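Okay, structure first, notes after.
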Amino acid sequence: MKQRLEQSTTALNALQKKRGEQFYPQFHLAAPAGWLNDPNGLVYHNGLYHAFYQHHPFSELWGPMHWGHATSKDMIHWQHQPIALAPGNEYDKSGCFSGSAVSHEGKLYLFYTGHNWLAEEGDDSQIYQAQCVAVSEDGIHFEKKGIILPPPQGYMHFRDPKVWFQEGKWWMVVGARDEKDQGQVLLFSNDTLFEEGKQWRSEYKVLGKTDDKNVYMWECPDFFPISDDNEFALVFSPQGKRAEGYQYRNLFQTGALIGQWSPKQPFIIHGHFTELDNGHDYYAPQSFVTADGRRVSMGWMDMWNSPMPSQQEFWAGCFTLPREINFDKRANRLRMTPIKEVESLRQTRNTIEMTTLNNQALKLLDKTPAIELNLTWSLDSQAEKFGLWLGKGLEVFVDNQSNRFVIRRHYPQYNISGSRSTPLPVGCEINLRIFIDRSSIEVFINHGELTFSSRYYADENDRDLSLFATDGSATLIAGEYWTLSTIS
């Protein structure tokens, strides 16, 4: 493994020297160069937060998956660490796929999927996937220990283990696809986390499965408590779900099922699958518990099979901001808000006075830097639409005609165009907390009631930031913004 890690590091260092900066994030975690997708192994261990990620250090394109690695004291300012895992053993020669991490008795354990193509590379009809583990004494260098859980009979797609401890046992959920090509999540348990030369028990239960015949896989499951009443959230990314009107417009989605579970009872679901984020680019989030007990999540801010102009700069993919997760019991859904530590990035505060725009625009900034923006608008406004423009290509607005909140992007030079939207929340005001980085925007509506994450690709001379109202008047009740410092 050492030789493969050295080769990967050499390739990454060479790629980093060529990396461009126009789209590279200022305050979001991304790989130094090369490809990044799913968050892996998010964990607090020995005084540091660890973020691992699916990584191809040899190019900006998806390839044999490695685990990249970064550490932080506050979940905001990150330091890149050596690549943690590289494929090449018999059980993971085609890739070290997604998984999770556990801090236990001073050691750091990485649980991941060993992936093997059995025919041609990329032929998903003939693969072998098994759950593997690697162990570290120092949190930086890892020793692979091999397979701890082979696939049950009848399962070929079997990946993305999430491991936790509860009521005297270790538990693992794994995303799966059965013989009928239906997506589901399998649940395993074991008395010990890891014993040299021993595997986990192979008995399993189906924790949840699709009721949509089009959904062929549930990827990247996460399962965690959300109340003291045995209420749990099952977060996962279904593949194959078809668009329904304004919903499910991305190639793949990410959302949650809420229900009750304990080791003594099955997962009893209340309600229906609800998307966690309504933007163009959000996938495979993973949660972890902070040192002070908060449940925090980070997701991949890109989307499969979508144009990625950052690849022209020899990198692709970044994480969302870390988000604290809370359960809105009344609405039976999860809310996500930026962690409080993000305020450490704030520089000078700028106030926007209450104003009414009547079929006009108000410029706030030229060549907008990385900023946080807080706007409160009156929903009694009569304008057909009102909100925010960033250059000519990005609009974030309330559409009074359709009674929807919309984010729209239009970059034909990159073959990117389209909108995402949700019904407007109930009330007489709408609060928008917006984070704009060099090629991403995250919008949190009414303190996490709704969330939008999207990538955008404005040219350097097309970054003017303006408030606007068209075909009528709209009132901005209050506003403020901060420029944000870099995280490196």
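Residue check: is Tyr109 closer than 30 Å to Gly154 by Cα, open to solvent by 10 Å² or more (accessible area, probe 1.4 Å) and in a strand (DSSP E or B)? Spelling it out, Tyr109 is indeed closer than 30 Å to Gly154 by Cα, open to solvent by 10 Å² or more (accessible area, probe 1.4 Å) and in a strand (DSSP E or B).
So which residues in segment 9-41 are within 17 Å of Pro322 (Cα to Cα), in a strand (DSSP E or B) and in contact with a His (Cβ under 7 Å, 6 or more places away or on another chain), if there are any at all?
Initial filter on segment 9-41 (within 17 Å of Pro322 (Cα to Cα)): 25-31, 36-41.
When the remaining residues are screened for being in a strand (DSSP E or B), the result is 30, 36-41.
Passing the criteria: Leu36, Gly41.
Residues in segment 235-275 that are assigned to a strand (DSSP E or B), touching a residue at least 40 places away in the same chain (Cβ under 8 Å) and either of a type in the set (Lys, Arg) or under 23 Å from Trp300 (Cα atoms) (or both): 9 in all.
Tally the residues that are within 18 Å of Tyr112 (Cα to Cα), touching a residue at least 60 places away in the same chain (Cβ under 8 Å) and under 20 Å from the mean Cα position of the chain (by Cα), restricting the search to segment 67-82.
1
Out of curiosity, is Ile434 closer than 30 Å to Gln79 by Cβ, in the same structural domain as Asp366 (by the TED database) and surrounded by 17 or more Cβ atoms within 10 Å (Cβ to Cβ)? Criteria met by Ile434. Of the candidates Gln16, Gln7, Gln22, Gln3, the single residue that is surrounded by 16 or more Cβ atoms within 10 Å (Cβ to Cβ), more than 26 Å from Pro285 (Cβ to Cβ) and of a type outside the set (A, V, I, L, M, F, W, C) is Gln16.
Within segment 253-266, the set of residues being over 17 Å from Leu334 (Cα atoms) and buried (at least 20 other Cβ atoms within 10 Å of the Cβ) is empty. For segment 231-241, a residue qualifies if it is closer than 17 Å to Gln260 by Cβ and either surrounded by 18 or more Cβ atoms within 10 Å (Cβ to Cβ) or modelled with pLDDT under 95 (or both), and the qualifying residues are Phe232, Ala233, Leu234, Val235.
Test Trp62 against the stated conditions and say whether it is among the aromatic types (Phe, Trp, Tyr), crowded, with 19+ Cβ neighbours inside 10 Å and either modelled with pLDDT of 95 or more or under 19 Å from the mean Cα position of the chain (by Cα) (or both). For Trp62, the condition - among the aromatic types (Phe, Trp, Tyr), crowded, with 19+ Cβ neighbours inside 10 Å and either modelled with pLDDT of 95 or more or under 19 Å from the mean Cα position of the chain (by Cα) (or both) - is not met. How about segment 390-413: which of its residues are surrounded by fewer than 21 Cβ atoms within 10 Å (Cβ to Cβ) and aromatic (Phe, Trp, Tyr)? Matches in segment 390-413: Tyr411 only. Inspection of segment 274-289 identifies no residue that is open to solvent by 10 Å² or more (accessible area, probe 1.4 Å), out of contact with any strand residue (DSSP E or B) (no Cβ under 6 Å at 6 or more places or on another chain), in the same structural domain as Pro238 (by the TED database) and under 21 Å from Ala30 (Cα atoms). The residues on offer are Ser473, Ser440, Ser453, and the sole one that is at negative phi and surrounded by fewer than 21 Cβ atoms within 10 Å (Cβ to Cβ) is Ser473.
For segment 204-222, indicate whether the set of residues that are closer than 23 Å to Leu110 by Cα, part of a loop (DSSP other than H, G, I, E, B) and open to solvent by 50 Å² or more (accessible area, probe 1.4 Å) is non-empty. Checking segment 204-222: at least one residue is closer than 23 Å to Leu110 by Cα, part of a loop (DSSP other than H, G, I, E, B) and open to solvent by 50 Å² or more (accessible area, probe 1.4 Å). Select from segment 438-456 the residues that are within 16 Å of the chain's Cα centre (by Cα) and not aromatic (Phe, Trp, Tyr) and list them in ascending order. Of everything in segment 438-456, those that are within 16 Å of the chain's Cα centre (by Cα) and not aromatic (Phe, Trp, Tyr) turn out to be Ser439, Ser440, Ile441, Glu442, Val443, Gly448, Leu450, Thr451, Ser453, Ser454, Arg455. Residues that are modelled with pLDDT of 95 or more and on the phi > 0 side of the Ramachandran plot: does segment 47-58 have at least one? Yes, that holds for at least one residue.
May I ask you to say which residue of Asp191, Asp228 is more than 27 Å from Lys329 (Cβ to Cβ), open to solvent by 50 Å² or more (accessible area, probe 1.4 Å) and not hydrophobic (A, V, I, L, M, F, W, C)? Of the residues listed, the single one that is more than 27 Å from Lys329 (Cβ to Cβ), open to solvent by 50 Å² or more (accessible area, probe 1.4 Å) and not hydrophobic (A, V, I, L, M, F, W, C) is Asp191. Regarding Trp300, is this residue touching a Pro at 6+ places or on another chain (Cβ under 7 Å) and either modelled with pLDDT of 95 or more or surrounded by fewer than 20 Cβ atoms within 10 Å (Cβ to Cβ) (or both)? Criteria met by Trp300.
The values are calculated or read from the model by the stated rules, or taken from the named source; none is laboratory data. Source: prediction; values computed, not measured. FYI the Cβ positions are ideal-geometry reconstructions off the backbone, even for glycines, and counts take in every protein chain you see. Accessible surface is based on the protein model in full, side chains and every heavy atom, while ligands, DNA and RNA are left aside. Shrake-Rupley method; radii C 1.70, N 1.55, O 1.52, S 1.80 Å.
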